[in-house]
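Here's the structure, in structure tokens; my notes come after.
The values are calculated or read from the model by the stated rules, or taken from the named source; none is laboratory data. Just so we're clear, the structure is a prediction, and the values are computed from it rather than from any experiment. All Cβ positions, glycine included, derive from the backbone under ideal geometry; neighbour counts span all protein chains shown.
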Ligand SMILES: Nc1ncnc2c1ncn2[C@@H]1O[C@H](COP(=O)(O)OP(=O)(O)OP(=O)(O)O)[C@@H](O)[C@H]1O
Ligand SMILES: [Mg+2]
């Protein structure tokens, strides 16, 4: 079963937009999908129509051993996706985890037995390489890296891939690159084209064929608590995320 961390320490590159809409697309394709919100900002939680500060339990309590997985999961009211929600409390869980003996594998332990319940697990990571991200990379068998096609995109990638290597060598030898995903792509922009081509040159087949275009409907959907498929199924953004779900379903990483 794919357990995918959607991660890039660079902020605002489309991690949350990708996690939410890929999860919704896979759900629409009939897959049982769990989205885990690893970011205290809770954007994926609210983006799927869940009031992040009103949930009974969140990832925070699960990581501290105070609740079971079943107690913490909420069904999105809008998309066919289950969610392990998060909010600002998650910062305290991260601090508490620092003192735990196997602090990088707290999430992995908490997810024991999940294979029988879901076909896909997607984790929306925060924009840093902190202990929460490390927990996601330890629990994952693949990392999906959204890359915004702009000048500084390649710079942070070397650091991120270095982290993936050290995670492989220490806590998680199974961690594969599920793909680099070009996001917010504007085909009329020469710089975006150049960066997209550079990515292909450096990373070859690790770059996914699906490209996510810049589409204002993708930016509007979260304020309605909806994925792009409920908000505007006919948009270019919806078509792109559906194509991504199909590509990842075919691809063995
Ligand atoms: N393809 C797109 N077209 C237009 N706007 C987009 C697209 N993808 C993302 N956005 C917008 O860009 C902003 C950043 O996207 P998003 O929140 O998904 O990035 P992120 O990597 O999760 O950010 P953070 O690092 O803060 O968690 C948001 O306002 C989002 O609505
Ligand atoms: Mg985000």
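Applying the selection to the stretch 45-65, what residues are touching a helix residue (DSSP H, G or I) at 6+ places or on another chain (Cβ under 7 Å), free of Cβ contacts under 8 Å to residues at least 60 places away in the same chain, under 14 Å from residue 35 (Cβ atoms) and not in a helix (DSSP H, G or I)?
Hits for the stretch 45-65 are 52, 58.
Conditions tested, residue by residue: (1) at pLDDT 95 or above; (2) crowded, with 19+ Cβ neighbours inside 10 Å; (3) within 16 Å of ligand 1 (Cβ to nearest atom); (4) assigned to a loop (DSSP other than H, G, I, E, B).
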residue: 101; (1), (2), (3), (4): no, no, no, yes
residue: 135; (1), (2), (3), (4): yes, yes, no, no
residue: 143; (1), (2), (3), (4): yes, yes, yes, no
residue: 162; (1), (2), (3), (4): no, no, no, no
residue: 180; (1), (2), (3), (4): yes, yes, yes, no
residue: 188; (1), (2), (3), (4): no, no, yes, yes
residue: 195; (1), (2), (3), (4): no, yes, yes, no
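Considering the stretch 20-38 alone, what residues qualify as being surrounded by 24 or more Cβ atoms within 10 Å (Cβ to Cβ) and either without any contact (Cβ under 8 Å) to a residue 40 or more places away in the chain or within 19 Å of residue 226 (Cβ to Cβ) (or both)?
Answer for the stretch 20-38, where residues must be surrounded by 24 or more Cβ atoms within 10 Å (Cβ to Cβ) and either without any contact (Cβ under 8 Å) to a residue 40 or more places away in the chain or within 19 Å of residue 226 (Cβ to Cβ) (or both): 20, 21, 22, 23, 24, 25, 26, 33, 35, 37.
Could we say that residue 1 is closer than 30 Å to residue 239 by Cβ, away from ligand 2 (no atom under 15 Å from the Cβ) and either in contact with a strand residue (DSSP E or B) (Cβ under 9 Å, 6 or more places away or on another chain) or in a helix (DSSP H, G or I) (or both) here?
yes
Here are the criteria: (1) under 19 Å from residue 212 (Cα atoms); (2) surrounded by fewer than 23 Cβ atoms within 10 Å (Cβ to Cβ). Tell me which single one residue 15 does not satisfy.
For residue 15, the exception is condition (2).
For the stretch 107-133, what are the residues that are within 16 Å of ligand 1 (Cβ to nearest atom), touching a strand residue (DSSP E or B) at 6+ places or on another chain (Cβ under 9 Å) and either part of a loop (DSSP other than H, G, I, E, B) or more than 19 Å from residue 174 (Cβ to Cβ) (or both)?
124, 125
Residue by residue through the stretch 75-97, note down the ones that are in a strand (DSSP E or B) and under 17 Å from the mean Cα position of the chain (by Cα).
The answer is 82, 83, 84.
Are any of the residues in the stretch 41-49 within 15 Å of ligand 1 (Cβ to nearest atom), within 17 Å of the chain's Cα centre (by Cα) and on the phi > 0 side of the Ramachandran plot?
Yes: the stretch 41-49 contains one or more residues that are within 15 Å of ligand 1 (Cβ to nearest atom), within 17 Å of the chain's Cα centre (by Cα) and on the phi > 0 side of the Ramachandran plot.
Identify the residue in the stretch 221-236 that is within 16 Å of ligand 2 (Cβ to nearest atom) and assigned to a helix (DSSP H, G or I) and, among all such residues, is farthest from residue 20 (Cα to Cα).
223
Which ones in the stretch 145-156 are closer than 20 Å to residue 124 by Cβ, part of a helix (DSSP H, G or I) and touching a helix residue (DSSP H, G or I) at 6+ places or on another chain (Cβ under 8 Å)?
Within the stretch 145-156, 153 is the sole residue that qualifies.
State all residues of the stretch 138-167 that are over 24 Å from residue 200 (Cα atoms) and touching a strand residue (DSSP E or B) at 6+ places or on another chain (Cβ under 8 Å); if no residue qualifies, say none.
139, 140
Kindly list the number of the only condition in (1) within 16 Å of ligand 2 (Cβ to nearest atom); (2) closer than 20 Å to residue 237 by Cα; (3) surrounded by fewer than 23 Cβ atoms within 10 Å (Cβ to Cβ) that fails for residue 47.
(3)
Would you check if residue 42 is more than 16 Å from ligand 2 (Cβ to nearest atom) and within 24 Å of residue 215 (Cβ to Cβ)?
no
Among (1) farther than 21 Å from residue 1 by Cβ; (2) in a loop (DSSP other than H, G, I, E, B); (3) away from ligand 2 (no atom under 15 Å from the Cβ); (4) out of contact with any helix residue (DSSP H, G or I) (no Cβ under 7 Å at 6 or more places or on another chain), there is one condition residue 12 misses while meeting the rest; what is its number?
(3)
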